[in-house]
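**Student:** This is the structure I have questions about; it appears just below.
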Amino acid sequence: MTTALAPAEVRTALEAVKNWKYKSNEISKSYKLSSFKKSIEFVTRIAEHSEEVDHHPDITIRYTTVVLSITTHSESGVTEKDLDWASAADTIYKEVSEKR
């Protein structure tokens, strides 16, 4: 069973996933992409990954900016599952943003 991390544990763990922010029992990050089409491609890849791992973020799309926020609702806070998901999101972003 996954349990929520203490705020200090979350802040320490976020050092491994750059530019993620912790606030109100969730972590979030804003991604900038080169075009609207790239933003949608990124969100599609995020959706596919989220379905595979059965862990789903909140997503906001604003033209070429995508904001992802995630928490483990059943634990009312951030868990290792969220941190793993954040790392995967960063990998997906790198793949999409570097693709021509």
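**Student:** Given charges of +1 on the Cβ of Lys and Arg and -1 on the Cβ of Asp and Glu, with all other atoms neutral, how large is the dipole of the chain about its Cα centre, in debye to the nearest 20?
**Tutor:** Approximately 720 debye in magnitude.
**Student:** With all pairs of different alpha carbon atoms counted, what Kirkwood hydrodynamic radius in Å does the chain show?
**Tutor:** 13.7
**Student:** Another question, then. Less than 11 Å Cβ to Cβ from A13, Lys/Arg counted +1 and Asp/Glu -1: what total charge do the surrounding residues give?
**Tutor:** That works out to -4.
**Student:** Let me ask something additional. Work from the charge dipole of the chain (Cβ charges, +1 for Lys and Arg, -1 for Asp and Glu, about the Cα centre) and give the residue of P57, S39, T3 farthest towards its positive end.
**Tutor:** S39
**Student:** Return the carbon/sulfur percentage of the accessible area of region 14-77, one whole number, probe 1.4 Å, all protein chains in place.
**Tutor:** Roughly 49 percent, rounded to a whole number.
**Student:** Here's a follow-up. Could you name the aspartates and glutamates whose alpha carbon sits less than 16 Å from that of K37, not counting residues in the same chain fewer than 8 places away?
**Tutor:** E95, E98
**Student:** Next question, about the same structure. Counting heavy atoms of the protein chains only and a 1.4 Å probe, report the per residue accessible area for region 36-100 as a whole number of Å².
**Tutor:** Each residue of region 36-100 exposes 59 Å² on average to a 1.4 Å probe.
**Student:** If the cut-off is 19 Å between C-alpha atoms, which lysines fall inside it for K32, apart from same-chain ones fewer than 8 positions away?
**Tutor:** K18, K21, K94, K99
**Student:** How far is helix 36-53 tilted off the main Cα axis of the chain, in degrees rounded to 10, range 0 to 90?
**Tutor:** Here the helix axis deviates by roughly 40 degrees.
**Student:** Relative to the longest principal Cα axis of the chain, at what angle does helix 80-98 sit, 0 to 90 degrees, rounded to 10?
**Tutor:** Long axis of 80-98 versus the principal axis of the chain: about 10 degrees.
The values are calculated or read from the model by the stated rules, or taken from the named source; none is laboratory data. All figures in this text were calculated on a predicted structure; none of them were measured in a lab. No Cβ is skipped: glycine too gets one built from the backbone with ideal geometry, and neighbour counts run over all protein chains shown. Only protein heavy atoms, including side chains, enter the accessible area calculation; ligands, DNA and RNA are left aside. Shrake-Rupley method; radii C 1.70, N 1.55, O 1.52, S 1.80 Å.
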